[in-house]
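For reference, the structure discussed in these notes is given below.
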Amino acid sequence: MNNLNSILIEGNMVRDPLLRSTPKGTSVCSFTLASNRFFRQDTGLEKEVGFFDVDTWGKLAEACYNRGHKGRGVRVVGRLKQDRWNSADGKAHSRVTIVAEHVEFRPEFKKDEDKITELAGVAETPDPSYAEEVAEEVEELNSSYTGEAAELNDDVEAIHTRELEAVSF
């Protein structure tokens, strides 16, 4: 029976993900995740940052490579894996990585810089011919409404006059 080896971690990608493949062609995507922890200390609120290496495999690796980029927020569910090796000089080394089984990407809200610049340019330098066209249309609408309003006033006066004639003997 396997012991429990499970991790859930949230943070931001420190750099763009790296995609490579095994000799058999399986995709492997690696990225580093920065996770912040805030805690109270005598001097106030303190911040602790942890950096964790994450590996994803197969289709999940391709999805992480395509959707991930530096600064992107992610939630990773997976397991811890420890690699051990001896260097050429005989010194023992160890490294713990997260092998992701599930990765969720936080939504991104991009500002459309080109659109903002374009709108700012239009607001700063309006086209005079467009302003003239709009002014003419407004004037035409006002004159047509004025004419219709005058006709309605005449109709209302006629109705009132008839009512008064009918009432007075």
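Computing FRET efficiency as 1/(1 + (r/R0)^6) for Val49 and Ala92, where r is the C-beta to C-beta distance and R0 is 30 Å, gives about 0.65.
Residue by residue, the range 75-85 carries 3J(HN,Hα) couplings of 10, 10, 10, x, 9, 8, 10, 10, 9, 10, 7 Hz when phi is fed to the Karplus relation 6.51 cos²θ - 1.76 cosθ + 1.60 (θ = phi - 60°); x denotes Gly or Pro. Each residue of the range 50-64 is assigned a 3J(HN,Hα), and the resulting list reads x, 10, 10, 7, 10, 10, 10, 10, x, 5, 4, 4, 5, 5, 5 Hz, derived from the Karplus form 6.51 cos²θ - 1.76 cosθ + 1.60 (θ = phi - 60°), x at Gly and Pro. Our estimate of slack between Trp85 and Leu8, defined as 0.36 nm per intervening residue step minus the Cα-Cα distance, is 25.1 nm. Between Ala34 and Glu108, the modelled label-to-label distance comes to 1.7 nm, taking each label 7 Å out from Cα in the direction of the beta carbon. A probe of 1.4 angstrom, applied to the heavy atoms of all protein chains, finds Leu18 with accessible area near 100 square angstrom.
Applying D = kT/(6 pi eta Rh) to the range 9-56, where Rh is the Kirkwood radius over alpha-carbon pairs, T corresponds to 37 °C and eta to 0.692 mPa s, the Stokes-Einstein value obtained is 258 µm²/s. At full extension, His69 and Val99 could sit 9.0 nm farther apart than now, given 0.36 nm per residue minus the alpha carbon distance.
The values are calculated or read from the model by the stated rules, or taken from the named source; none is laboratory data. Predicted model only: the values in this text are computed from it and were never measured. Cβ atoms come from the backbone with ideal geometry, glycine included; neighbour counts cover every protein chain shown. Side chains are part of the model used for accessible areas, which takes the heavy atoms of the whole protein and leaves out ligands, DNA and RNA. Shrake-Rupley method; radii C 1.70, N 1.55, O 1.52, S 1.80 Å.
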